[in-house]
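Remarks on the structure that follows.
The values are calculated or read from the model by the stated rules, or taken from the named source; none is laboratory data. Quantities reported herein were computed from a predicted structural model and do not represent experimental measurements. No Cβ is skipped: glycine too gets one built from the backbone with ideal geometry, and neighbour counts run over all protein chains shown. Protein only, heavy atoms only, side chains kept; ligands, DNA and RNA dropped before computing areas. Shrake-Rupley method; radii C 1.70, N 1.55, O 1.52, S 1.80 Å.
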Amino acid sequence: MVNIHLDTLPLNRAIASKDCPVCITRRVKCDRSLPTCVKCASRDLECLGYNPFRLRWDQGVASRGKLAGKPVPVTHENEPKGKSTSPGARDSKVPDDFLTTNCQSSSKSSSYETLYQISSETTSHPSQGLRIANRTSSAVLSEILLNHFDTKVVPRLTWIDLAENPWRHRILPLAQKSTCLRLSINSLAAAHLFVTSTEPSDQKTRFLQIQKWNRQASLSVLSQKMRNELHSGAISRRTPSNSAVIEVLAAVLTLCYMEALVPGSKYWTLHLRACRTVINLGNLEEWKNMSLSSVERFLLKEVADLETLQDISIFNKKPESNGELTLRPICDTSIWSFTELIHDITDAERRHHEALQNHQKLPVVNMDFWRKRAQDTYDAVSASTNPIFEGQGAVEECLQSVIKAHYHASLIYSYQAFVSPAEVQEILGSSIDALFHEIQSALTGSIDTFTHDLFFPCFIAGTECRSDRLRQSVIEKLFYDTLVSTGIWFNYAALQFLKTLWASSEFEMGMNWIQYARRNETQIGTFILF
């Protein structure tokens with residue numbers, strides 16, 4: 001350990017405007033050297049830099065200055081003591097044996113050996129803070145992570161991985177020119193390696209460290225970029241080709257997906273709010289009336305899909321609330337329109353419930369309308385995907401099972417929204433049985449191409465397992481196996497909800513899951529079915 005005297009440091013060094021949090025806690029004079037202070041490094045302490053990235057992307061409104069009257073992301077410097085604010089902290093319980101369980105088979109290639117070598121060099125001195133993030137983002141390591149994102153992660157981010165996948169052909173090229181987006185993608189790829197790798201625990205730990213450092217570096221760059229753009233007013237004065245909006249939105253969306261892979265993390269909700277903040281700052285009304293680029297349209301579709309699949313578990317949100325217009329009319333749903341159907345069912349159910357609460361007289365819901373919507377959606381998705389996979393044998397059969405599972409799940413969801421639980425069982429008993437059959441057909445084969453598309457059908461099937469312990473155990477195993485194989489761990493909260501629902505006396509007595517979730521929303525919290 002070396003004592004650092006301020007007068008021995010170079011006078012022309014770059015310095016921060018405030019002390020680092022570690023020196024403040026230790027009650028010592030900080031040297032304020034950038035990117036991290038020398039005193040912390042000399043004592044092998046992890047210096048977090050001078051901006052610990054405690055961001056809250058809530059929609060605030062500035063009261064003065066250049067941004068008066070405009071919505072802005074808000075920082076909160078005074079977090080309650082004892083509460084973790086580090087993105088990725090475990091907020092909900094995950095299986096205790098997860099970190100020691102092999103998730104799926106994989107082979108160690110020479111590129112991964114290079115990754116281990118690089119990560120070993122960069123994890124020996126964690127106290128160097130952001131300087132380590134710079135090293136872990138070296139050309140070789142970044143190339144490996146970008147390649148893993150391209151080949152292993154991208155197929156899990158879309159319903160169907162087509163040749164012209166925008167993540168691959170629009171976002172990856174953009175990352176070559178954007179530091180914050182490249183770091184976000186690197187963090188996402190490292191998180192996926194951590195949750196799906198079968199390597200020894202010490203090597204998995206390096207993946208986790210790489211993920212954390214790239215995330216922190218990305219947040220640092222992104223925070224600075226948003227601050228500069230906000231102060232300059234560039235985002236609020238959007239032009240048809242404003243690359244800053246695209247870059248920031250793509251980076252924040254990628255961070256949202258990164259947190260989706262971290263077991264126990266709920267910070268994906270923070271980043272999803274950030275996506276909406278950026279969209280609102282870009283004047284959504286103008287976006288709808290302008291000719292959107294393919295990248296912009298894709299990013300808006302991704303945000304719209306996530307919001308739709310999150311809103312399934314949100315009941316106190318006003319339908320298409322003021323100032324937060326729906327992105328659906330500007331989204332391309334030609335390939336997978338089941339998400340649009342889910343959105344419309346959820347929105348109609350919330351409106352119906354609100355009207356009942358206001359003692360308004362309502363007409364009987366026409367369930368033939370929703371039956372036709374489900375059938376039309378099934379026909380449209382089949383017509384758009386069948387030519388792509390025609391003649392591919394097992395792959396084609398697996399996709400057909402997935403599409404049929406979504407058809408039955410959407411139909412059942414519409415009945416759950418508007419009719420009594422007894423009527424659902426009476427009218428749709430055969431559809432419920434068919435749903436179980438299609439899910440098992442899709443998951444029990446050797447094809448795992450579409451495994452990640454089955455969380456919503458599995459969930460709906462689980463909500464129709466009242467008093468059926470065998471089916472409950474089957475759904476729990478299928479759900480958990482799918483979590484493990486895909487690495488998309490933010491769906492775990494939905495499985496937790498199902499287990500709570502199954503154990504509820506209210507559910508056993510006939511209450512459906514929507515009624516139960518609405519009544520217990522505060523205790524249950526938000527979950528998603530991605």
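When the surface is traced with a 1.4 Å probe over the full set of protein chains, H5 keeps roughly 110 Å² accessible.
Surface composition of the stretch 140-215: carbon plus sulfur atoms contribute 51% of the solvent-accessible area (1.4 Å probe, protein chains only, all chains present). Any of K18/K39; K301/K372; K177/K225 with alpha carbons more than 19 Å apart? Name them for me. Long pairs (Cα-Cα over 19 Å): K301/K372. Evaluated at q = 0.17 Å⁻¹, a Debye calculation over the C-alpha positions of the stretch 377-516 (equal weights, vacuum) places log10 I(q)/I(0) at -0.93.
At the residue level, M511 shows approximately 30 square angstrom of accessible surface with a 1.4 angstrom probe and all protein chains present. Among the chymotrypsin sites (Phe, Trp or Tyr not before Pro) in the stretch 343-444, none is located in a DSSP loop while being surrounded by at most 12 other Cβ atoms within 10 Å of its own Cβ. Residue ranking by accessible heavy-atom surface, 1.4 Å probe, largest first, among T179, T196 comes out as T179, T196. Heavy-atom accessible area with a 1.4 Å probe sorts V364, V140, largest first, into V364, V140.
Given a 1.4 angstrom probe, what's the average accessible area per residue across the stretch 438-530, in square angstrom?
On the way: 3420 Å² over 93 residues.
Each residue of the stretch 438-530 exposes 37 Å² on average to a 1.4 Å probe.
Sequentially through the stretch 418-435, phi angles give Karplus couplings (6.51, -1.76, 1.60; θ = phi - 60°) of 10, 10, 6, x, 5, 5, 4, 5, 6, 7, 10, x, 5, 5, 5, 4, 5, 4 Hz, Gly and Pro residues having no value and appearing as x. Placing pseudo-labels 7 Å out from each Cα toward the beta carbon at S382 and L11 gives an inter-label distance of 8.1 nm. Were the residues from D202 through E423 laid out at 0.36 nm apart, the gain over their Cα-Cα distance would be 74.2 nm. The heavy atoms of S431 offer some 10 square angstrom of accessible surface to a 1.4 angstrom probe. Normalised radius of gyration (Cα atoms, divided by 2.2 N^0.38 Å) for the stretch 461-500: 1.12. Entry for the stretch 353-423 at q = 0.16, 0.18, 0.22, 0.26 Å⁻¹: log10 I(q)/I(0) = -0.68, -0.77, -0.96, -1.14, Debye formula applied to identical alpha-carbon scatterers, no solvent contribution.
Taking only protein heavy atoms and a 1.4 Å probe, the accessible area of the stretch 397-474 is 48% carbon and sulfur.
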